[in-house]
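Colleague: This is the structure I have questions about; it appears just below.
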Amino acid sequence: MPRLQTALWIGACFSVLFFTRSSVAEPPTAEESLVSYDLASGKAALEDYLAENEGDASQRFGLGVVQFASAVETMSQSFYECGVRDHRQQIPFLRIVAAENPNPKATSYQDVRNILQRFVDDLAVAEQTLAKVDDKEVKLPLPLFQIRLDLNGDGTTTEAETLAGVAMHLRMIENVPGNAGVDRPYETVVAFDYADCLWLRGYCHLLSGLAETWLAYDMQQLHDRAGYVLFEKIDSPHAYLGEAKKTFPISGVDIIDVVALIHLINFPVKEPAKLKDAHAHFLQVISLSRRTWDTIEAETDDDREWIPSPKQSSPVSRVRTTPEMVTTWREFLDELEAILQGEKLAPHPRIVDGRGINVKKVFFEPQPFDLVMWVQGSGATPFLEKGPITDQAFWSRINRAFNGQFMSFAVWYN
């Protein structure tokens with residue numbers, strides 16, 4: 001009998017331990033949310049967890065990534081609802097949309113502004129979350145190309161809506177230096193670290209700056225008179241022109257509409273404060289890029305890097321980063337900052353009197369943007385002044401350091 005009591009007592013202890021352990025829920029992970037395309041539930045679960053576990057840097061980093069992905073997903077779903085046409089590939093913010101909508105709504109110009117403003121607001125939330133990650137040893141392994149986004153809002157995802165599919169759609173896998181798509185992208189796991197947290201913050205600011213620049217100008221006339229080139233249906237008195245006979249069709253677009261579009265790129269300033277905001281965002285991109293590279297160069301490991309130092313390798317690129325590339329990138333950041341601050345002037349290809357464009361004034365003393373007049377030169381007149389002009393030889397040297405692929409590296413390095 002005593003033996004039976006002892007056995008029951010031991011069994012009871014193990015039962016208590018078992019049920020106690022099993023009742024402690026595992027923390028939610030960003031990977032689960034991103035791979036299962038359940039971003040809304042993932043965000044909520046991570047927010048609840050972090051409310052009780054503020055010091056978990058890995059999960060906070062994960063929440064920031066989920067919030068960033070959600071911002072992109074929401075924007076894509078909104079533009080899909082608007083019925084973006086197939087030749088969207090050349091238009092910023094429209095390129096991400098996965099497919100054409102067979103039943104779009106009539107889109108107003110205010111709809112477009114609302115979508116972009118929501119995107120800016122959502123990116124700000126993600127950036128603020130990422131800014132709270134202060135653990136220099138943080139790690140967030142993710143199966144990069146398995147990440148799924150519901151880009152059209154139908155509640156499911158196809159292979160085209162994986163990050164691998166999106167990268168192929170945008171030709172990013174082809175264009176990232178060294179054929180970054182690798183042979184089997186689905187098997188690629190990247191161990192995102194603190195440097196990559198800074199990198200993603202930089203991208204939040206870059207995309208916000210671009211969107212704020214769009215929002216600063218009034219594009220109502222372009223949307224009302226030629227918006228049917230971009231959207232299947234527009235809310236405009238001129239919507240009937242979407243069904244007009246094509247007189248000079250090329251690749252599904254009438255040359256007459258292209259001419260009209262160019263003519264209509266004459267935008268009054270609508271919200272000048274947004275240009276100052278955009279300028280601040282672009283300066284933050286530069287600052288965060290410097291911090292990113294400071295962190296990368298201080299790393300001593302080589303763990304499935306997103307952006308490798310000269311001493312590291314990356315599962316997403318066969319190209320080795322060289323010391324010259326890092327030095328040159330830092331020189332580029334210095335030059336770009338000098339241009340944004342008006343300390344160096346930007347050249348205009350038609351202006352040869354020794355004056356250049358003060359880019360800072362473009363943001364702080366904005367004028368209506370007329371594309372044709374800018375190309376012709378007179379649009380730049382309010383911003384022309386004497387001073388040091390950034391040298392074409394510098395930009396040629398920068399490009400040579402990256403084997404003629406500087407723009408591809410710039411997209412990657414940010």
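Colleague: Once amide H atoms are placed 1.01 Å from N in the peptide plane, what residues at a sequence separation of 5 or more from SER313, or on another chain, have their amide H within under 5 Å of its amide H?
Modeller: GLU305
Colleague: Next question. Add +1 for every Lys or Arg and -1 for every Asp or Glu among the other residues with Cβ under 13 Å from the Cβ of ALA106, and state the total.
Modeller: Details: positive: LYS105, LYS233; negative: GLU81, ASP111, ASP224, GLU232, ASP235.
Computed value for this residue: -3.
Colleague: Which whole-number percent gives the relative contact order of the range 316-403, counting Cα pairs below 8 Å spaced six or more residues apart? Let's see the in-between values first.
Modeller: Values: 83 pairs, mean separation 28.2, N = 88.
Across the range 316-403, relative contact order equals 32 percent.
Colleague: Here is a further query. For the chain, return all DSSP H helices satisfying: extent of Cα atoms along own axis at least 30 Å; mean Kyte-Doolittle hydropathy at least 0.0. It would help to have the intermediate numbers written out before the result.
Modeller: Values: long enough: 2-23 (31 Å, 0.70); 57-81 (36 Å, 0.16); 109-131 (33 Å, -0.10); 194-216 (33 Å, 0.51); 272-298 (40 Å, -0.30).
Length and hydropathy pass: 2-23, 57-81, 194-216.
Colleague: Now for a different question. Let me spell out the model: positive unit charges on the Cβ of Lys and Arg, negative unit charges on the Cβ of Asp and Glu, origin at the Cα centre of the range 274-344. What dipole size does that give, in debye rounded to 20? Don't skip to the end; give the middle numbers.
Modeller: Values: 10 positive and 14 negative charges, 56 e Å.
Magnitude of the dipole: close to 280 debye.
Colleague: Given N residues in the chain, what is its alpha carbon radius of gyration divided by 2.2 N^0.38 Å?
Modeller: On the way: Rg = 25.3 Å, N = 414, 2.2 N^0.38 = 21.7 Å.
Normalised Cα radius of gyration, the chain: 1.17.
Colleague: Among GLY62, GLY202, GLY354, determine the one that fluctuates most according to a GNM of the chain built with springs between C-alpha atoms less than 10 Å apart.
Modeller: It is GLY354.
Colleague: OK, next. Over the range 221-379, with a single point scatterer placed on each C-alpha, what log10 of the ratio I(q)/I(0) does the Debye formula yield at q = 0.10 1/Å?
Modeller: One equal scatterer on each Cα of the range 221-379 leads to -0.67.
Colleague: Ok, one more. Checking the table LYS270/LYS360; LYS105/LYS246; LYS276/LYS361; LYS360/LYS386 against a 21 Å threshold on Cα-Cα, which pairs fail? Don't skip to the end; give the middle numbers.
Modeller: Details: LYS270/LYS360 18 Å; LYS105/LYS246 23 Å; LYS276/LYS361 10 Å; LYS360/LYS386 14 Å.
Check vs 21 Å cut-off fails for LYS105/LYS246.
Colleague: Further question on the same structure: Between the range 301-316 and the range 101-156, what is the separation of their alpha carbon centroids in Å?
Modeller: The distance from the Cα centre of the range 301-316 to that of the range 101-156 comes to 26 Å.
Colleague: I've got another one for you. With an 8 Å Cα cut-off and a minimum separation of 6 or more residues, compute the relative contact order for the chain in percent. Let's see the in-between values first.
Modeller: Values: 617 pairs, mean separation 59.5, N = 414.
Relative contact order of the chain: 14 percent.
Colleague: Still on this model: Can you tell which of ILE147, ILE351, ILE286 shows the greatest fluctuation in a Gaussian network model of the chain with Cα springs below 10 Å?
Modeller: Fluctuation is largest for ILE351.
Colleague: Kindly work out what percent of the DSSP beta bridges joining two residues of the chain are antiparallel, to the nearest 5.
Modeller: Details: 16 of 18 bridges.
The antiparallel proportion sits near 90 percent.
Colleague: Between GLY342, THR381, THR328, whose Cα lies farthest towards the positive end of the dipole of the range 279-385 when Lys and Arg beta carbons carry +1 and Asp and Glu beta carbons carry -1, centred on the Cα centre?
Modeller: So the residue furthest toward the plus end is THR381.
Colleague: Picking from TYR228, CYS204, ALA244, whose Cα lies most toward the positive end of the charge dipole for the chain (charges on Cβ: Lys, Arg +1; Asp, Glu -1)?
Modeller: It is ALA244.
Colleague: Here's a follow-up. Take the chain, connect every pair of alpha-carbon atoms lying under 10 Å apart with a spring to form a Gaussian network, then pick out the residue of ALA244, ALA338, ALA124 with the largest mean-square fluctuation.
Modeller: Maximum fluctuation in the GNM of the chain, among the listed residues, is at ALA244.
Colleague: If you don't mind, another one. Hand me the trypsin sites (Lys or Arg not before Pro) from the range 191-269 located in a DSSP loop with no more than 10 other Cβ atoms within 10 Å, in residue order please.
Modeller: Numbers: sites: ARG201, ARG225, LYS233, LYS245, LYS246; in loops: LYS233, LYS245, LYS246.
Filter output for the range 191-269: LYS245.
Colleague: Additional query: Ignoring everything except DSSP H segments at least 4 long, calculate the 222 nm mean residue ellipticity for the chain; use -39,500 (n - 2.57) per segment, divide by total residues, nearest 500.
Modeller: Working: 16 runs with 216 residues, N = 414.
Using -39500 (n - 2.57) per qualifying helix, the result is -16500 deg cm²/dmol.
Colleague: When we measure straight from the Cα of LYS136, which lysines land under 30 angstrom away, once same-chain ones fewer than 8 places off are left out?
Modeller: Of all the lysines, those that pass the test against LYS136 - Cα under 30 Å, at least 8 places apart if same chain - are LYS43, LYS311.
Colleague: Let a ≥ b ≥ c be the square roots of the eigenvalues of the Cα gyration tensor of the range 277-318; is it rounded (a/c under 1.5), or, if not, prolate (a/b larger than b/c) or oblate? Please list the in-between numbers first.
Modeller: Numbers: a/c = 4.19, a/b = 2.23, b/c = 1.88.
Judged from the Cα gyration tensor, the range 277-318 comes out prolate (a/c at least 1.5, a/b above b/c).
None of the figures in this text is laboratory data; all of them are computed from the coordinates on show. What you see is a predicted model; the values in this text were computed from it and never measured. Reconstructed Cβ throughout: ideal geometry from the backbone, glycine too, with neighbour counts over all protein chains shown.
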